[in-house]
1. To the nearest 20 debye, what is the magnitude of the charge dipole of the chain about its Cα centre, counting +1 on the Cβ of each Lys and Arg and -1 on the Cβ of each Asp and Glu?
2. For a distance above 16 Å, tell me the whole-number percent of Cα pairs in region 567-619 that qualify.
3. Please work out how much accessible surface Cys314 shows to a 1.4 Å probe, ignoring ligands, DNA and RNA, in Å² rounded to 10.
4. Could you sort the peptides 1-7, 596-602 by per-residue average Cβ neighbour count (10 Å cutoff), highest mean leading?
5. With each run of n ≥ 4 DSSP H residues scored as -39500 (n - 2.57), what mean residue ellipticity at 222 nm is computed for the chain after dividing by its residue count and rounding to the nearest 500 deg cm²/dmol?
6. Rounded to two decimals, what ratio of Rg to Rh does region 514-560 give with C-alpha atoms and a Kirkwood Rh?
7. Which net charge results when you count Lys and Arg as +1 and Asp and Glu as -1 among the other residues whose beta-carbon is under 15 Å from that of Asp260?
8. Below 12 Å, Cα to Cα, which aspartates and glutamates can Lys30 reach? Residues fewer than 8 away in the same chain don't count.
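The values are calculated or read from the model by the stated rules, or taken from the named source; none is laboratory data. Since the model is a prediction, treat every value here as computed from it, not as a measurement. Because the Cβ atoms are built from the backbone with ideal geometry, glycine has one as well, and the counts that use them run over all protein chains shown. Each accessible area value is taken on the protein alone, full model and side chains, heavy atoms only, with ligands, DNA and RNA left out. Shrake-Rupley method; radii C 1.70, N 1.55, O 1.52, S 1.80 Å.
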Amino acid sequence: MLKSISVGAELFHELIESDYYYVDKTSFIKTVFKDNGATVTLITRPRRFGKTLTMSTFNDFLSLDPENAGDVSRQEGWFKDTEIFKDQEFCSRYMGKFPVIFVSLKGVEADNFADAYEQFGSTVFNMYNSFSYLVDSPKLSPADIKTFKAVADDEDFICDIKNQNKIKNSLKNLTMFLYRHHGIKPIVLIDEYDVPIAKAASNKYYKEMIGVIRLFLGNALKTNFNLGRAVLTGCLRVAKESIFTGLNNPLICSVLNTDDDDISGGIGFTKEETEKVLSYYGLADYCDMVRQNYDGYYFGDIHMYCPWAVKSFCNSNSKKTGKKNKVIKADNYWINTSSNDAIEEFMDFIKTDDADKMQTLLDGGSIATPVREDLCYEDLKDHNITDFWTLLLYTGYLTFNPEKTIYPDDKTEEADEIEQDKNSEAGLNEEKNRNYETLYSLYIPNQEIRNCFKTKIMDYFCNNHKMKNYTADFVKGLFGGDGEKVENSLNGLLSKYVSVRDFSTKAPKENYYHGFINGLLTNGASLIKEQKSNFESGDGYVDLIIKPQDASGSIVILELKQTSDEDLDKGKIAIEAIEQIIRKKYADPYISRTDTKAVLIYGICFCKKECSVVCKKLK
């Protein structure tokens with residue numbers, strides 16, 4: 001009987017005790033805690049790549065039993081069939097030997113500082129109560145126990161913003177209490193350490209939250225002689241917030257680090273691991289489908305699959321194999337798993353050239369750009385485009401190709417052009433001060449993320465108030481016979497709009513603009529009663545016909561043209577579109593109708609991100 005596959009379980013011991021399928025990543029424990037000599041290690045990875053499960057695995061392997069120190073029977077039961085258990089020398093030195101503080105901050109994500117602080121306080125309260133045995137420790141002084149109880153005894157007290165000093169020193173104090181009690185320096189595991197910072201930046205209480213997080217972590221990690229080792233996970237490095245400033249040689253393992261394959265491959269699924277999972281669930285014939293949809297990430301030099309998506313694919317499809325009329329398909333599982341607040345905020349500030357780069361990405365191409373490895377959440381408010389590409393890289397919307405990285409010593413002519421373009425933009429001095437040295441080749445890793453990206457962009461444009469205003473002006477202009485208003489609205493939309501077009505290079509470009517206008521009209525549905533596309537009328541097929549919601553009895557007919565030649569007269573081509581409507585009698589059936597009070601025809605010619613509009617009233 002096949003093992004069940006758990007998509008949502010994030011604790012190692014729960015997976016093992018429930019006999020769920022587990023992709024063995026336990027050798028990563030040795031990579032981090034023996035092969036790496038850094039006191040503090042930060043591993044940054046996108047959401048849903050298994051960071052919490054990784055930290056839980058560390059916790060379950062390393063944690064000692066406070067009631068029976070030296071008893072490793074729990075670990076033996078959990079890890080007996082894993083790769084790490086084969087290394088008995090390592091197990092004898094590390095397995096069940098350390099007090100471990102394991103805290104996840106992913107739940108601290110409120111919309112305001114008061115609620116976020118309360119969530120953070122509850123996390124600290126629970127952290128302390130997981131070591132409640134320290135209250136009776138004969139090795140702690142009365143003052144130590146009083147300090148411990150001040151945090152552990154009253155959740156309302158510790159969640160009160162007025163008592164921030166108790167929170168800020170709580171982690172450092174707990175490492176001291178554990179060291180004094182056990183005589184062993186504790187290990188600290190902080191999962192998703194940057195979630196509270198990211199949420200605070202999005203909701204305008206960044207300064208208050210970073211003040212708490214900086215001291216909570218900084219006091220415990222910097223020059224703390226009671227600390228054994230610390231490992232943190234998150235999406236961004238957040239170095240500028242001074243959390244890691246002053247640490248002695250912290251190891252930063254970002255998605256860009258290429259110097260340690262063992263660390264790069266420690267979180268996520270490799271190709272071999274993915275193929276093994278698919279084979280186990282009878283889905284080996286669908287390796288190409290999974291590769292196209294969930295592969296494509298690079299961590300360092302290692303090619304990785306998104307484990308969340310692979311497991312979700314197996315969970316959705318494993319019971320369909322061998323059955324008639326059961327379609328195996330690759331759904332989009334990642335789209336609702338992470339916040340997009342910062343990304344959506346950036347969309348208001350995308351310039352035309354940057355929108356073209358976005359289109360290149362959506363079309364399956366790549367862009368060469370600097371990446372800010374020290375990107376700070378507070379910097380995002382400046383809406384610098386390099387920060388935007390960096391954010392997309394670290395949150396999993398983009399990945400990089402290490403083989404196409406352009407270093408300062410080997411920059412090509414293309415890279416020089418990119419640098420010149422960058423330096424010609426506003427904010428030149430700021431860019432120079434940042435001293436970018438390397439250009440990375442970024443691209444959307446797979447079809448699932450491309451679909452997610454398209455959906456997020458479409459959602460943005462459907463819900464963004466500026467886009468709605470442009471769309472409303474466009475539709476009102478159509479029904480009002482105001483060609484100038486229609487043209488201005490369209491050009492405003494074209495300059496901002498990131499198109500989501502057919503990826504086929506053989507598709508006529510008119511098709512794209514037709515879809516673009518169709519989408520706008522759909523977005524203005526509150527003003528439109530009826531909308532027809534490619535509708536037979538007169539002696540041919542009309543591109544678009546719309547009727548208003550009101551009882552004015554108007555009909556609007558649109559004929560769309562396109563040219564790639566910027567030297568051609570778009571206005572003249574738009575007039576030719578008007579002449580086509582008249583020549584082919586598209587409007588005749590409506591002109592003769594008594595219930596049609598007005599017939600307005602439009603010729604629109606597009607050229608890249610500009611258009612010309614000509615309007616004529618036939619009735």
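1. 1480 debye
2. 45 percent
3. 0 Å²
4. Averaged packing, sorted descending, gives the order 596-602, 1-7.
5. Numbers: 27 runs with 274 residues, N = 619.
Helix-only estimate at 222 nm: -13000 deg cm²/dmol.
6. Working: Rg = 10.7 Å, Rh = 11.0 Å.
Using only Cα positions, Rg/Rh for region 514-560 is 0.97.
7. The answer is -2.
8. Glu83, Asp87, Glu89, Asp262
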